[in-house]
Number of protein chains: 2
Amino acid sequence: MPGLSNTALPLYEKVKDFVLDNIGNGNWPQNEKLPSEHELTSSLGVSRMTVHRALRELTAEGYLRRVQGVGTFVSPPKAQSTLIEISNIITEIKARGSQHRAEVILLERIERPDKMLLDAFEFKKLCPVDHSMVVHYENGVPVQLEERYVNTELVKNYLDQDFTSIGTYDYLQHSTPLTEVEHLISAIPATERHARLLHIRERDSCLVLHRKTWTGQTIATVNTFTYVGSRYSLGSRYLPPKK
Amino acid sequence: MPGLSNTALPLYEKVKDFVLDNIGNGNWPQNEKLPSEHELTSSLGVSRMTVHRALRELTAEGYLRRVQGVGTFVSPPKAQSTLIEISNIITEIKARGSQHRAEVILLERIERPDKMLLDAFEFKKLCPVDHSMVVHYENGVPVQLEERYVNTELVKNYLDQDFTSIGTYDYLQHSTPLTEVEHLISAIPATERHARLLHIRERDSCLVLHRKTWTGQTIATVNTFTYVGSRYSLGSRYLPPKK
DNA sequence: TGTCTATAGTTGTCTATACATCTATAGACA
DNA sequence: TGTCTATAGATGTATAGACAACTATAGACA
């Protein structure tokens, strides 16, 4: 066995590299049992704590699986390479070098939310809810209809903001720490209202992203983002943390 | 200062909880400098290595920022984690307790791919490509049309598999280590073929997930998954590692 | 044969200690 | 006043040793 590289890295990093190399070149195939910490300690000439740290970190990173009393095993390749990151529309438009414009369609307080809305927030009693509807344009073409319902208990002054200059996202992120997020993506045919606001025809396909956010145990916001199917794709390119 | 909880947790976990509590209740606000490892060591009555491990892990989790020679600081709240995980359809259907069935529509080798396909693979020369089309049923109702094009240089024996019993995903994952994945989600109206295979009407909305995978610098597979918009949502609920 | 038990082997945690490395700063010096 | 330097104090790494907790199994025993 070749042993550790002689770069300037800390020892535990060299041990991690050593293990990753053995996995990468097929020396230790999937589900293979690694040498025990004790064996690695003597064969690599480092202390057990150092080996232990390396293996523990690789376990946290998903490369290994450890069972107390049994041993350390090579994990099957991560299914984690199937993550899609949702970024906010304004950042995204600007990142493409396009010009962004937002049009506020509606900004209101709903004092008496209907049953559907109360259920969405899992409210027991009648609570007011702030409501915004904004259309985002990329180079003058409507791309996204953003509809947000906001818990007025948790988010203050939501209605006083100028969402043509500040992103709703930016305001919410700074005003409310969120503890949990739920996403749902689906496809729907455009309603008459979608068609009017997004300049498409009724029944054209739209991509809908539902997002619910929590602060503590309480639902903070309920959001629906509707994208024009033919003009927009959610996307991501993911590079696994190879080494 | 109250000190550590007296639960059955390991000490370093208690130290982590202690720090998180102090951050959570505003005791240590954003960018506050924490007591030094030495101070925590004496005030909490644990060894420095234990304090160090707790702080190191909290740093990896994004709660703290450490600067050698200077100190440890409370990090600003994490950027909103907006990741969506794509799991494979068979796992998903079974996880819902539904019955899964796969119907292989087509399984063929394309000896002379057309220009669109060659471009998708970024092939310079003419290479054969394997092609599969499978419809996945949940409790007898079609949910997903799975279409895959596979690089025959990288994936062997693709056509010999029985994809009614093995998931295409499972076979590919075991046969080819993948180094990079690209996803694109969009919404399209159903074509006549979609309508026929998925038992919907033409122009009904479908959710389309494009996935391209790389092995090294080479494109290994090009995939299109078409979901019935009204029957399916991609989703995820993400729980930040709070505590 | 079947069941229980002691044990060897493995990982998990914790401590005490040492030295390395980096940063800010007080104080010497020009 | 300005610059350099030694130093205190902070985090980073590494070791040796001890004990705890868990698992599989060989071997004793009924």
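Summary table below
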read-out: Residues (assigned to a loop (DSSP other than H, G, I, E, B) and either over 17 Å from residue A:164 (Cβ atoms) or open to solvent by less than 30 Å² (accessible area, probe 1.4 Å) (or both)) located in region A:85-118; value: A:86, A:87, A:96, A:97, A:98, A:111, A:112, A:113, A:114
read-out: Any hit, region B:145-164, residues being within 14 Å of chain A (Cβ to nearest Cβ), in a strand (DSSP E or B) and in contact (Cβ under 8 Å) with a residue 24 or more places away in the chain; value: yes
read-out: For residue A:42: the one exception among (1) of a type in the set (Gly, Ala, Ser); (2) open to solvent by less than 30 Å² (accessible area, probe 1.4 Å); (3) away from chain B (no Cβ under 14 Å); value: (2)
read-out: Residue in region B:51-73 that is within 11 Å of DNA strand D (Cβ to nearest atom), within 14 Å of chain A (Cβ to nearest Cβ) and over 32 Å from the mean Cα position of the chain (by Cα) present; value: yes
read-out: Out of A:199, A:210, sole residue that is modelled with pLDDT of 85 or more, over 29 Å from residue A:122 (Cβ atoms), open to solvent by 50 Å² or more (accessible area, probe 1.4 Å) and touching a strand residue (DSSP E or B) at 6+ places or on another chain (Cβ under 6 Å); value: A:199
read-out: Boolean, residue B:168 is among the hydroxyl-bearing types (Ser, Thr, Tyr) and within 14 Å of chain A (Cβ to nearest Cβ); value: no
read-out: Per-region count, region A:25-39, residues within 13 Å of DNA strand C (Cβ to nearest atom) and within 14 Å of another protein chain (Cβ to nearest Cβ); value: 1
read-out: Matching residues in region A:119-140 - criterion: being within 26 Å of the chain's Cα centre (by Cα) and either assigned to a helix (DSSP H, G or I) or charged (D, E, K, R) (or both); value: A:119, A:120, A:121, A:122, A:130, A:138
read-out: Test: residue in region A:12-24 that is within 16 Å of DNA strand C (Cβ to nearest atom), within 14 Å of chain B (Cβ to nearest Cβ) and over 12 Å from residue A:64 (Cα atoms); value: yes
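The values are calculated or read from the model by the stated rules, or taken from the named source; none is laboratory data. If you're wondering where the values come from, they're calculated on a predicted model, not measured in any experiment. We place every Cβ from the backbone using ideal geometry, glycine too, and count neighbours over all the protein chains shown. With ligands, DNA and RNA removed, areas are computed over all heavy atoms of the protein, side chains included. Shrake-Rupley method; radii C 1.70, N 1.55, O 1.52, S 1.80 Å.
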